[in-house]
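A short write-up of the structure that comes next.
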Amino acid sequence: MSLTYPLGLLVLAAIPLLILIYIIKNKYTEKTVSSTYLWTLSEQFIKKRMPISRIVGILSLILQILAIIVIAFSISHPSFVLPRAAREYCFILDGSASMTAEEGGTTRFEAGKDRIASMIEDSTKGSLYSLIYIGKSAETVYRGYSDKDRALRLLDDLEVEYCSSTVTDALGIAQQIFDENPSVDAYLVTDKKYAQAENIRVINVSSGGDNFAVSNVGYALVDGKLNVTCDLMTYENATALDLELYLDGATTATLKGQAEVKPLVSLPYTFVIEGRTELKSARVVVKNKDIQPLDNEAIIYNVDYENSSRTLLVSDHPFYIQAGLISTGNSQIDVVETKDYTDRTGYDLYIFDSYTPAELPKDGAVWFFDPRSSLAGTNFNFQGDTYPSKMSEYSKSTAHSVQDLLAGVSKKGFTLSKYVKCGLSGKFTSLLTIDSNPLIFAGLNAYGNREVVFAFDVHDSATFTLSADYSTLLANLLKYSFPLIIDGTSYYCGETLAINVLPGTDSIVVKSPTGKEHYPDTNVDVSEYELDEAGSYTVTITMKDKSVRTFNVYASIPEDERAPAVSEKMLLIRGTAQNNMRNGIYDDLLIFFIVLAVVVIADYGVYLYEQYQLR
């Protein structure tokens, strides 16, 4: 036996004091009687009972001494060693997306935590506990803890992650613990089935149940009709799935459908929408109830729509430029004649065709076709018209910037009757030259906005403007001027969303499906954010001119996490298991309080008896 608080034994010093009080205590009580005769009778009666009274007094003293002893030991908190009664436990808890499935009103993850908590609570004190959590990676939550309460608190704080996982790294950590103590009891708490396991026991918290899923939502324009496609799956039984399609964030279904789906066979399904040629978003919902609601819907957002830009074209002959921009399908174009142009704001792109404004726009990218004069802030200067003598040539540079801007271009030169000779004062990338003079070049202006210059009149070169190279080059230059803020809208949980940070970006806010807000770094070219929840995210970009752009992406739980139970390879912890148990500890004070209560009650009973005798 050992004492947690040995100073508690000082309470035993009260025993001598109690004995001293007992010795000097007056044992007689004076009473007034009505006559000598009665006194004589009373004295005779007392003499007969005197031996019993003495025994009662001694018994009361003994009980009070016992009470002091029990109180002293309770304060000292004694603990008793229980030889070979405790063990070391190693728990591996699966926190992957499939553990969010609901069975019996609770998720598998919560059921798994309850199983571990029950084993810790029921174990002998003195046992050691290690907990390994499998989420995006294997994490050691604690190792070799002996404090039950702390182990239970840290277990309760764990939350499921919506990603796929592998048990390999967790087994590696468990192997290290086993190597240190081959007598450790190892448990894997999961919803997956394993054919065999060695030196580790599997606690499967899945009781079965069907799961339906929809995935791979897409869209296409076919024969003038909008087709929304998806893939359907059921994992247990053949089922007739009831489907609903919601377009552009509508709260009522645009179309409904039904499909007969066989187990473990992906079934393509198509909604055909008459009278629609474009969309902002499409959401497909499976209405059937199952154990995993997170994969019962999927959403796709039109990334081109969300990345589209507002363009102002200042031109007296806008056809070729406007047609080229429209062919990219990513611009909302306003056209004004040069005589009607006044300084404007609020556009993502300003295009000046054979016209130079009085002032360079500061709030967007700027393109010049056939510039007519120099302009402060453009970082190039007008040096007059020149009549060429050679064919134009595309850049042969292998630099990534050049390769990206000329991607898909055949790089066949063409002749010009006239072009504008420009001097460059800033850093530009030349894509097309003639006589070593830049014809098409791109860079940044003095305000940090992207700038593109066509140093010739596109209306005078039908060979170029009617070729496929023209529209391809315009599309590349639009991507250069407006790098896609997001490259796609459909992801899986655990993947990283790349957000291109445009010049002039003031802040980026990513709002998760549960409403949590995150603020990615805006001081980099590409800011990254890990999608760690299932559902729709909203990305809000605020520019320094206070303009706001909003994007949406959808993250699904990984497909390999949708099946209720998946057979995996054999679980293996190498080595020969032993059964060497640890010494346990018994420090339950309940027995002391029971003894104290019995002693106090007994002493009170003696007191009542003594009072009765004295009546």
Next item on the list: Output the qualifying pairs, or none if there are none: Cβ atoms under 6 angstrom, residues six or more apart or on different chains, first residue in segment 90-111 and farther than 20 Å from PHE212 by Cβ and assigned by TED's automatic domain parsing to the domain that holds GLU180, second residue among the charged types (D, E, K, R) and outside any helix (DSSP H, G or I).
Entry: GLY95/GLU161
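Yes/no matrix, rows are residues, columns are (1) in a loop (DSSP other than H, G, I, E, B); (2) closer than 29 Å to THR496 by Cα; (3) at pLDDT 95 or above:
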{"site": "CYS163", "(1), (2), (3)": "yes, yes, no"}
{"site": "THR166", "(1), (2), (3)": "yes, yes, no"}
{"site": "ASP169", "(1), (2), (3)": "no, yes, no"}
{"site": "VAL189", "(1), (2), (3)": "no, yes, yes"}
{"site": "VAL202", "(1), (2), (3)": "no, no, no"}
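Please state which one of TYR28, TYR22, TYR89 is at pLDDT 70 or above and under 27 Å from ALA602 (Cα atoms). First the steps, then the outcome.
Details: TYR28 fails: at pLDDT 70 or above; TYR89 fails: under 27 Å from ALA602 (Cα atoms).
Within the list TYR28, TYR22, TYR89, the selection yields TYR22.
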Next item on the list: Tell me which of these ALA138 doesn't satisfy, since it passes every other one: (1) buried (at least 18 other Cβ atoms within 10 Å of the Cβ); (2) more than 21 Å from the chain's Cα centre (by Cα); (3) not acidic (Asp, Glu).
Entry: (2)
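Yes or no, residue by residue, for (1) closer than 30 Å to VAL160 by Cα; (2) modelled with pLDDT under 90; (3) surrounded by fewer than 17 Cβ atoms within 10 Å (Cβ to Cβ); (4) of a type in the set (A, V, I, L, M, F, W, C):
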| residue | (1), (2), (3), (4) |
| --- | --- |
| CYS230 | yes, no, no, yes |
| ALA240 | no, no, yes, yes |
| GLU278 | no, yes, yes, no |
| ASP290 | yes, no, no, no |
Checklist line | Close pairs from segment 409-431: first in a loop (DSSP other than H, G, I, E, B), partner of a type in the set (Val, Ile, Thr), Cβ under 7 Å, at least 6 apart | finding: VAL409/THR472; PHE414/THR463; LEU416/ILE434
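Could you name every one of the strands (runs of 3 or more DSSP E) located completely within segment 243-336 that has at least 3 residues being under 29 Å from GLY535 (Cα atoms)? Give the steps one after another, and end with the answer.
On the way: elements: 255-261, 267-273, 281-286, 297-301, 309-314, 331-336.
Answer list for segment 243-336: 255-261, 267-273, 281-286, 297-301.
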Next item on the list: State all residues of segment 120-134 that are modelled with pLDDT of 90 or more and either outside the structural domain of THR190 (by TED's automatic domain parsing) or crowded, with 17+ Cβ neighbours inside 10 Å (or both); if no residue qualifies, say none.
Entry: ILE120, SER123, SER127, LEU128, TYR129, SER130, LEU131, ILE132, TYR133, ILE134
Next item on the list: Mind counting the residues in segment 268-290 that are under 30 Å from the mean Cα position of the chain (by Cα) and of a type in the set (A, V, I, L, M, F, W, C)?
Entry: 5
Next item on the list: Taking the residues in segment 300-349 that are of a type in the set (Asp, Glu) and in contact with a strand residue (DSSP E or B) (Cβ under 7 Å, 6 or more places away or on another chain) as candidates, determine which candidate is surrounded by the most Cβ atoms within 10 Å (Cβ to Cβ).
Entry: ASP348
Margin query: For segment 354-361, check the following and say yes or no: at least one residue is more than 26 Å from PRO503 (Cβ to Cβ), assigned by TED's automatic domain parsing to the domain that holds PRO438 and part of a loop (DSSP other than H, G, I, E, B).
Written below: yes
Next item on the list: Provide a single number: the residues in segment 186-215 that are touching a helix residue (DSSP H, G or I) at 6+ places or on another chain (Cβ under 9 Å) and of a type outside the set (Ser, Thr, Tyr).
Entry: 13
Next item on the list: Output the residues belonging to segment 461-486 that are among the basic types (Lys, Arg) and touching a strand residue (DSSP E or B) at 6+ places or on another chain (Cβ under 8 Å).
Entry: none
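Is it fair to say ALA534 is small (Gly, Ala, Ser) and crowded, with 19+ Cβ neighbours inside 10 Å?
On the way: small (Gly, Ala, Ser): yes; crowded, with 19+ Cβ neighbours inside 10 Å: yes.
Taking the combined requirement at face value, the residue satisfies it.
Of the residues that make up segment 171-186, is at least one assigned to a loop (DSSP other than H, G, I, E, B), within 27 Å of GLU103 (Cα to Cα) and of a type in the set (Val, Ile, Thr)? Full working, then the answer.
Going through segment 171-186, the residues assigned to a loop (DSSP other than H, G, I, E, B) turn out to be 181-184.
Adding the requirement that they be within 27 Å of GLU103 (Cα to Cα) leaves none.
No; the residues of segment 171-186 include none that is assigned to a loop (DSSP other than H, G, I, E, B), within 27 Å of GLU103 (Cα to Cα) and of a type in the set (Val, Ile, Thr).
Looking at LEU589, LEU571, which one is closer than 30 Å to GLU121 by Cβ and at pLDDT 75 or above? Lay out the reasoning, then the answer.
Details: LEU589 fails: at pLDDT 75 or above.
Testing whether each residue is closer than 30 Å to GLU121 by Cβ and at pLDDT 75 or above leaves just LEU571.
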Check: under 23 Å from LEU484 (Cα atoms), among the small types (Gly, Ala, Ser) and at pLDDT 90 or above - does that describe any residue in segment 428-441?
Finding: yes
Margin query: Scan segment 502-509 and tell me whether some residue there is modelled with pLDDT of 90 or more and under 12 Å from the mean Cα position of the chain (by Cα).
Written below: no
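Across segment 474-498, which residue is nearest to the chain's Cα centre (by Cα) among those that are within 22 Å of VAL217 (Cβ to Cβ) and of a type in the set (A, V, I, L, M, F, W, C)? Break it down stepwise before answering.
Here is the first cut: in segment 474-498, the ones within 22 Å of VAL217 (Cβ to Cβ) are 484-498.
With the extra rule that they be of a type in the set (A, V, I, L, M, F, W, C), the set shrinks to 484-486, 493, 497-498.
Values: LEU484: 24, ILE485: 21, ILE486: 19, CYS493: 8, LEU497: 12, ALA498: 16 Å.
So the residue we want is CYS493.
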Checklist line | Positions within segment 448-493 being surrounded by fewer than 18 Cβ atoms within 10 Å (Cβ to Cβ) and of a type in the set (Lys, Arg), in sequence order | finding: LYS479
Item checked: Odd one out for THR540, checked against (1) surrounded by fewer than 16 Cβ atoms within 10 Å (Cβ to Cβ); (2) assigned to a loop (DSSP other than H, G, I, E, B); (3) free of Cβ contacts under 8 Å to residues at least 40 places away in the same chain -> (2)
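The values are calculated or read from the model by the stated rules, or taken from the named source; none is laboratory data. Worth saying up front: this structure is predicted, and the values here are computed from it rather than measured. FYI the Cβ positions are ideal-geometry reconstructions off the backbone, even for glycines, and counts take in every protein chain you see.
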